[in-house]
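Have a look at the structure below, then the notes.
Only the coordinates and a few stated rules stand behind these numbers; no lab work does. Here the structure is a predicted model, which is why all the values come from computation and not from measurement. With ideal geometry, Cβ positions are generated from the backbone for all residues, glycine too; neighbour counts draw on all protein chains shown.
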Amino acid sequence: MAGCIYCVDNDILKKLATFQLFDSTLKIFHITYQNVKILGTAKYKFRNSRKKIKSGRSRQASDEVINWDRLIRLTETLPCIENTEIDLNLFAQLSEYKDIDAGEAELVCQAISLIQKDKLAQIFTGDKRFIKALAKVDLQPVHDALKNRILCLEQIVLKNIENLGFEEIRHLVAPVRECDKSIKSVFGSGIHTDKDNAVSTLNGYISDLRKDSNSLLR
């Protein structure tokens, strides 16, 4: 898969940065920063979120554990999707679906454009709602292009466990598990979380999502 382009949404970028698993994930898939595409609005969105945290305007527990500085540094380094690279007609069609926001529509359009050139292109997303919504889109070209092309957060955490070992991932993820509802459940006992229970829970989430993904999940 070397050289393949990965389109990464804001949600999984935020969580992998906080888990300190972004670089290890790229290593697992044999790719570099130049092989990643993020939304052009990501750095502005995260800068605003950090301002809200510092000013006390956000009191969500998940926001408190995000490593905003590391995340913003990533957004300033990674290549962004350009509007000239996407099919504006397809973007308009996807944007009509109420459960798909503009950023998600842009990400899908970019991925499909890349897949037309490289069949190995992928989408990384931390938003299960997005995958379920995309699975229901009545646009056959979308389903044809993205079949088995999407990876969710749980799959990527599981791959990191397989490559780095459970203890290392538990050490990194458990203290900041509040940033994601599913991951909080996986590492519910914190640093005392049992490997078998954690892996079983991850596989359970993946299996459930696969049923609702209409073959989009890899």
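Other residues with beta-carbon under 12 Å from the beta-carbon of residue 54 carry, at +1 per Lys or Arg and -1 per Asp or Glu, a net charge of +2.
Which order do the peptides 100-108, 31-39 come out in when sorted by mean C-beta neighbours inside 10 angstrom, highest first?
Result, highest mean first: 100-108, 31-39.
Positive-end ranking of 207, 89, 10 along the dipole of the chain, with charges on Cβ about the Cα centre, is headed by 10. Bridging of residue 132 to lysines at a Cα separation below 18 Å is possible for 98, 147, 181, 211, once same-chain residues fewer than 8 apart are set aside. Shape analysis of the chain yields a ratio of the Cα radius of gyration to the Kirkwood radius, Rg/Rh, of 0.95. Rounded to the nearest 500, the helix-only mean residue ellipticity at 222 nm of the chain stands at -16500 deg cm²/dmol, with each DSSP H run of n ≥ 4 adding -39,500 (n - 2.57). If R0 equals 35 Å, the separation of the Cβ atoms of residue 55 and residue 218 corresponds to a calculated FRET efficiency of about 0.30. Charge dipole of the chain (Cα centre as origin; +1 on each Lys and Arg Cβ, -1 on each Asp and Glu Cβ, all else neutral): 520 debye, rounded to the nearest 20. Applying 0.36 nm per residue to the separation of residue 48 and residue 85 and subtracting their alpha-carbon distance, the gain on full extension is 10.7 nm.
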